[in-house]
Amino acid sequence: MKTLSRIIVSLFVIVDVYFLGKILLGGENIQVLNPKGIIALQEREVAYVAVFLMLVIVIPVFIWAFYVGTTYHEGNKWAKYTPEWDHSTKLQAFIWAFPIAIICILCVLVWKTAHRLDPSDAIASTQKTMTIQVVATRWKWIFIYPDQHIATVNLLEIPENTPVHFMLSASDTPMNSFWIPQLGGQIYAMSGMATQTYLMANGVGTYRGANSEINGAGYAQMTFTVNSVTQNDFTNWVARVKQSATPTLDLNTFNKLAQPSQNNPVAYYSSTQDNLFTTIVTKYLAPGKGMEGM
Amino acid sequence: MEQFILGRLTWSSLPHEWFTLGGTVAFATILIGLTIFLTRVKRWKWLWNEWLTSTDPKKIGIMYIIIAFLMFLRGGLDVVMIWLQQTIGTTSSPGYLGATHGYLSADHFQQIFTAHGDIMVFFVTMGFLFGLINLIVPLQIGARDLAFPFLNSLGFWLYFAGVVLINMFFVLGGEFAAAGWLAVAPLSELQFNPGVGVDYWIWSLQVSGLGTLIGGINFVVTILKMRAPGMSLMRMPMFTWASLMGMILVISIFPILAMTMILLTLDRYLGMHFFTLDNGGNAMMYWNLIWMWGHPEVYVLIIPVFGIYSEIVSTFAQKKIFGYTSLVVAVGAITLLSFSVWLHHFFTMGAGADVNAFFGIMTMWIAIPTGVQIINWLFTMFRGKIIFKSPIYWFFGFVSTFTFGGMAGLLMALPPVDFQVHNSLFLVAHFHTMIVGGALFGIFAGFTYWFPKVFGFKLHERIGKYAFWTWLVGFFLSFVPLYILGMMGAVRRMDTYSPSLGWQQLFTVSLIGACVIMCAVGLQILQLVVSIIQRKQNRDLTGDPWNGRSLEWATASPPPFYNFAVIPQVHSRDAFWEMKNPKGISSSEVAKQKKTSIKYEDIELPKNTPMGIYLSGFIFLFGLAMVWHAWLFAIIGLVGAICCVILRTFDEHTEYVLTAAEVEQIEKKLRAKS
Amino acid sequence: MIHHQNHQEAITNDKTIFGFWVYLMTDLLMFGVLFATYSVLHGNIFNGPSGKEIFDLPFALTETIILLTSSFTAGLAIWALRNNNKNQVLLWFGITFLLGLSFLVLELTEFHKLVLEGDSWRRSAFLSSYFSLVSTHGLHITAGLFWMLISLIKVKSQGITPGLARKLTLLSLFWHFLDIVWIFIFTVVYLMGAI
């Protein structure tokens, strides 16, 4: 039995080292902890501060639990035994005050960071913010560039160090969640509604985007690629798409595209109908009604 | 006409896929096996009279626990299927058994994790807790039964009907809901899920939910109205307090679930537009409603378990529970606060910073009473004399795992952090840590602790310890990879992913962990079998195997069906401890007092009744018929149920009298045995 | 023996009536969900009518007065119960039953008119929430009427036993509860909708 427990304990230690190694040395792979975007970076900072604050309580409690468990077991003849001691007002006040204090600090953190990192807050930058409209359909992402009048499917090309204002909606699909782990937090894209978020990539790179809210059979395949390129490369890319022999994304083409399909390859649209996004968002309103209540 | 009778049933509704055939064969084998066994040992009448029609909460409690355990095996099987698919089903892997990648199609995979969630929450954890409360709380408060014995039986049979309904799709229909355990709208609307899957979800949960609500009302009234004389609220054992709080939550939230499911039903059956995409429906309303139920629900799962830990810590540390008032306040605070946090389940829906911050703050606050409880338990052990039996092992397992899961939860209470981990495997790891490390470990601890009281013999201690360590290692192996995977950007509910992401390794480790957990469960089953075989050696003859402090230990093990021959008079907290160690009286006096003649009185007890079974049977028929739109049978079920209710109200003779002489005889026999 | 029986009856009364109050609170919560849903969705009229266009205030007021009166007569019935007056119990509960029935008939007439106009529950979220809130109340009234009928049959055949007296008390509680819910419906749905 002793050998078996020794094996189990060593296995436990080995596995611990493996896990720690994965986290600490995982590098790029641990996307949430290795952000490439300004929002994700700030979100990570918040997490670190919070973890530190929590450890202020958790570590003493663990030490206390370890001490109590090892000292006051039945076999220890030297440990004091006070079976009737069941309350102490001073101690109880401390037991409440200690967690309350830490939680209060955390609550301040909640308030401040929830406001500071509100998705609908613009990112301050010397660069002008660009807009991209995101429409989730089953089971692909359509990205409309309203200022450039082009559109793509499952490919998001953005210039580095430029704030991007995303406006998100969906068409004939249950709820979706737009998430690029390395750039920043996710936001839902819902039919008949428009949400918004701001993200910015800190450099050149290729990132992975996904949908994290189940919406049917093709859900797991609803991933997209994010290419962050230099400003020049971006301008060139836009020009190339505009000149490519690809169709226009108007309402008809969109409706056909929005039909359920999985594993859509990257596609391009050299021009887009004006106000396509607004049309998509308001399509569930009663005929004759505008965007009031949006 | 055929439509009216059979609804949308067709020949293809019968099992014809590998898993529906497998499931049907499994159920058929079990049923046939059981039938043969019962016929061989000639126990049909005994089963009917002693167990199925019983209104004794001890019997009903055992039945709850047996069914909960069977559903645990089913839910566990779902888990292994999920893990296997996630390990082998990368986008570059071939497809088996009709799937594109791995061996489960995306739709099938989604049905499995939906079923897994619903089964584990509704039928395993709640089933077990309802069983435990039935068994222990009446004994702890010095009562003979619950306030409404018939409703207790009805509640169990409705739960059982729900169990059958949620497993029914194997036999009829082959499709369960594929919209997550909460069947969120608009995914669960007709537009996206017109089949019977979501309907099975609705009706199995409605039927068992009705049973849960009835049980909740029953427990609340029992605890508030039927305590032994002298047991004021502040003298109740902690498990009773925790059960009271948990049940107050149940009666507050299950009406919300019931009505939300009704609204979804109205959308699906009558073309209404509560949560549809068109005609003014508002799907976000579903999210708010379902989580208004859903969040307090997870506290229903954990609060009674906090009560279990309180009992175990105090008994095994051989010391009074430290900070009783604080613990009561803490449990009450958690109960109240649990109503104010629901939006943290969808911070990412864009409600705005003020709203998100409010709910984040309220979520943070719940950590305070939880932490206070843990510290008080540790102070109970401080300067105690801890007996390290397996319940205490489970407690320390809980402290270590629950704390980390709680930290993960607090992290997610910060909206900006939640934006990065919402709906990822990090979230999945968090709530499993809470439910497995918190609730399940506590259930195992409570099971071991109260087993001798219920069955009259102890469980094998050493195998129990092995099972604990195996569980702990398996749990660790299974869920730490999920935390890491979440931080790597892996979303939940994924049936496939690109192998180039490097996730497969961690999924494999997780799968190994799942296998270790399977071994742990195997050890627990072994423990049960060995304990039954060795029961004569481990008999509990005193009724008090752990030197307990509350009234349930004042009865024989197992207790007579009337619990107490004479309802005890309570003078303080830890009522039984005071009875054993009364202040100012020597132990010989105590023994003499015990021997002096006890005055027995007639006891009124509820009769057995089959009406709970019949009523639930009709409601089951109604539910199943509604799934299939078989309106004729739905009407039969509904009318039959109403007739049962009316018939029951005409039944004047629902109780019988056990004479004082009979009580005395039984008591004499019990004392002769010990 | 009688003392023991009375004691047992008292205990049963106490816990049963308390349990029934607890049940009424859960029922109130169910209505709460319907009210919350109605508040959120009553503006979503899509291309259908709004409350102002379909609510007939005098009609709703008539229904309200009928229901309030029925509550009053139910109260009289319980008073007769306390006085052990079997005939009066039958009389007043009988009137309550008729009033409740007329309420239902009026409500169904209103629904029928709306459906014929094409403004059924399928038309918009507003109409869905209106119909479900009012119908849920109506279904409760129906259940209450059934309960009343059976209770009256029992009173006629067995007379007033302690068990039956207890159940009639519960029935009256149920009836008053439904009355209170209706006041809320009248206020939130009809009055506020017509403004």
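The values are calculated or read from the model by the stated rules, or taken from the named source; none is laboratory data. Everything numeric here is computed off the predicted structure, so don't read it as measured data. With ideal geometry, Cβ positions are generated from the backbone for all residues, glycine too; neighbour counts draw on all protein chains shown. Side chains included, ligands, DNA and RNA excluded: accessible areas come from the protein's heavy atoms. Shrake-Rupley method; radii C 1.70, N 1.55, O 1.52, S 1.80 Å.
Odds and ends about this structure:
- Residue that is open to solvent by 10 Å² or more (accessible area, probe 1.4 Å), of a type outside the set (S, T, N, Q) and in contact (Cβ under 8 Å) with a residue 24 or more places away in the chain, where the choices are B:387, B:303, B:290: B:387
- Restricting region A:238-253 to residues that are touching a residue at least 24 places away in the same chain (Cβ under 8 Å) and part of a helix (DSSP H, G or I), the residue that is nearest to the other protein chains (Cβ to nearest Cβ): A:251
- Output for region B:184-242, where each listed residue is over 30 Å from residue A:177 (Cα atoms), part of a helix (DSSP H, G or I) and among the small types (Gly, Ala, Ser): B:208, B:209, B:211, B:215, B:216, B:242
- Of all residues in region A:132-190 being of a type in the set (Phe, Trp, Tyr) and facing another protein chain (nearest Cβ under 10 Å), the one that is most open to solvent (accessible area, probe 1.4 Å): A:139
- Of all the residues in region A:168-210, those that are of a type in the set (A, V, I, L, M), in a strand (DSSP E or B) and over 21 Å from residue A:229 (Cα atoms) number 4.
Conditions tested, residue by residue: (1) in contact (Cβ under 8 Å) with a residue 12 or more places away in the chain; (2) of a type in the set (Lys, Arg).
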{"site": "B:453", "(1), (2)": "yes, yes"}
{"site": "B:465", "(1), (2)": "yes, yes"}
{"site": "B:488", "(1), (2)": "yes, no"}
{"site": "B:500", "(1), (2)": "no, no"}
{"site": "B:508", "(1), (2)": "yes, no"}
{"site": "B:524", "(1), (2)": "yes, no"}
{"site": "B:536", "(1), (2)": "yes, yes"}
{"site": "B:553", "(1), (2)": "yes, no"}
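- The residue that is farthest from the other protein chains (Cβ to nearest Cβ), among those in region B:489-505 that are farther than 13 Å from residue B:429 by Cα and of a type in the set (A, V, I, L, M), is B:501.
Rundown of residues vs (1) in contact with a Ser or Thr (Cβ under 8 Å, 6 or more places away or on another chain); (2) more than 30 Å from residue B:418 (Cα to Cα); (3) open to solvent by less than 80 Å² (accessible area, probe 1.4 Å); (4) within 12 Å of chain B (Cβ to nearest Cβ), yes/no style:
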site	(1), (2), (3), (4)
A:217	yes, no, yes, yes
A:236	no, yes, no, no
A:265	no, yes, no, no
A:277	yes, no, yes, no
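- Scanning region B:267-281 for residues that are surrounded by fewer than 24 Cβ atoms within 10 Å (Cβ to Cβ) and facing chain C (nearest Cβ under 7 Å) turns up B:270, B:271, B:279.
- Residue match in region C:186-193 (condition: open to solvent by less than 50 Å² (accessible area, probe 1.4 Å), over 20 Å from residue C:62 (Cα atoms), among the hydroxyl-bearing types (Ser, Thr, Tyr) and in a helix (DSSP H, G or I)): no
- Residue B:131 on the phi > 0 side of the Ramachandran plot and either surrounded by 22 or more Cβ atoms within 10 Å (Cβ to Cβ) or in a loop (DSSP other than H, G, I, E, B) (or both): no
- In region B:637-672, the residues that are modelled with pLDDT of 95 or more and either in contact with a strand residue (DSSP E or B) (Cβ under 9 Å, 6 or more places away or on another chain) or within 22 Å of residue B:266 (Cβ to Cβ) (or both): B:637, B:638, B:639, B:641, B:642
- Residues (open to solvent by less than 70 Å² (accessible area, probe 1.4 Å), part of a helix (DSSP H, G or I) and among the small types (Gly, Ala, Ser)) located in region C:111-159: C:125, C:128, C:129, C:132, C:135, C:138, C:143, C:144, C:151
- Failed item in (1) outside any loop (DSSP other than H, G, I, E, B); (2) at the interface with chain A (Cβ under 7 Å from one of its Cβ atoms), with residue B:384 passing the rest: (1)
- Output for region B:311-354, where each listed residue is touching a residue at least 60 places away in the same chain (Cβ under 8 Å), small (Gly, Ala, Ser) and assigned to a helix (DSSP H, G or I): B:314, B:332, B:338, B:353
- Region B:411-434: number of residues that are surrounded by fewer than 23 Cβ atoms within 10 Å (Cβ to Cβ) and either out of contact with any Lys or Arg (no Cβ under 8 Å at 6 or more places or on another chain) or among the β-branched types (Val, Ile, Thr) (or both): 5
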